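Have a look at the structure below before the remarks.
The values are calculated or read from the model by the stated rules, or taken from the named source; none is laboratory data. Please read these numbers as outputs of a predicted model, since none were measured by experiment. Please note: Cβ atoms are built from the backbone with ideal geometry, for glycine as well, and neighbour counts cover all protein chains shown. Surface areas here come from the heavy atoms of the whole protein model, side chains and all, with no ligands, DNA or RNA. Shrake-Rupley method; radii C 1.70, N 1.55, O 1.52, S 1.80 Å.
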Amino acid sequence: MTRFLAAIGPMGQPPTTAWLLFPGDPEQPAVMAPSLTSALPELHRIARGGAIVVEPALAARGAACGLSVGTWHEDARADFTAIALDIAGRASFSRIDDSALILRFCRAAAGFAARPPARGQHGPVLVIDGPGLVLPDRPGKIDGLSVQFSPGEAAVIDALRRSVGLDRVPQPFRLRDDDKLPVSEAELILLTDTLLAVTQA
């Protein structure tokens with residue numbers, strides 16, 4: 001079996017990088033090492049003799065280690081995006097198990113963040129600075145479903161940019177009485193569709 005290798009890092013002090021194989025071993029989803037050279041023996045052990053191809057961003061380091069370049073496939077991209085959001089502290093996604101749904105949301109969020117519509121009311125949707133948007137529970141209120149964007153650690157933003165073209169961390173939540181609550185899968189689908197609709201209007 002051929003496994004696709006991607007990376008998030010360097011992170012922390014001393015700097016280390018998360019090296020991720022897809023499909024991965026659920027018992028060990030990442031190898032933490034400062035360089036691909038030092039991570040390679042453990043990666044080969046996890047791959048159990050299968051071939052390893054690297055993401056395009058790792059082409060030079062992969063070639064130096066005798067690895068070839070592969071292309072993102074949707075399952076790897078979805079799982080990688082979800083892991084990057086985990087590292088970013090993705091409490092907003094704690095009720096979401098479907099990484100393909102997270103990927104779809106992030107693609108819609110990337111389009112919205114790249115060219116947010118003007119601040120103000122767009123039908124039932126309120127576009128706010130940041131950028132972000134709110135689907136109020138009632139007209140004139142800010143309680144409801146919301147998406148906002150925040151800066152993130154450079155390594156996480158780099159990973160999100162490579163996987164889905166995002167340069168900020170998207171944060172979906174339900175605002176209720178000043179509390180930010182995690183969204184359900186149905187709510188994330190609604191937010192995804194709203195981001196697409198507002199961006200394309």
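What are the ³J(HN,Hα) couplings of the stretch 96-106, residue after residue, when phi is run through the Karplus curve with 6.51, -1.76, 1.60 and θ = phi - 60°? Round to Hz, x for glycine and proline.
10, 9, 8, 5, 5, 5, 4, 4, 4, 4, 5
So for M32, M11, M1, what's the accessible-area order with a 1.4 Å probe, most first?
Working: M32 105, M11 25, M1 145 Å².
Sorted descending by solvent-accessible area, the residues read M1, M32, M11.
Using a 1.4 Å probe and ignoring any ligands, DNA or RNA, find the accessible area of I83 and quote it in Å² to the nearest 10.
Accessible surface of I83 is approximately 40 Å².
For the chain, what does the helix formula give at 222 nm: sum of -39500 (n - 2.57) over DSSP H segments with n ≥ 4, over the residue count, nearest 500 deg cm²/dmol?
Values: 6 runs with 76 residues, N = 201.
-12000 deg cm²/dmol, from helical runs alone.
Please get the size of the charge dipole for the stretch 72-201, origin at its Cα centre, with Cβ charges of +1 on Lys and Arg and -1 on Asp and Glu, quoted in debye to the nearest 20.
Details: 15 positive and 18 negative charges, 85 e Å.
Using only the charged Cβ atoms, the result is roughly 400 debye.
In Å², and per residue, what accessible area does the stretch 144-201 have when probed at 1.4 Å with the other protein chains present? Each step should come with its number before you reach the end.
Numbers: 2600 Å² over 58 residues.
About 45 Å² of surface per residue is accessible.
Express the accessible area of the stretch 28-105 per residue in Å², computed with a 1.4 Å probe while the remaining protein chains stay in the model. Display every interim value, and only then the final one.
On the way: 3800 Å² over 78 residues.
On a per-residue basis, the stretch 28-105 sits at 49 Å².
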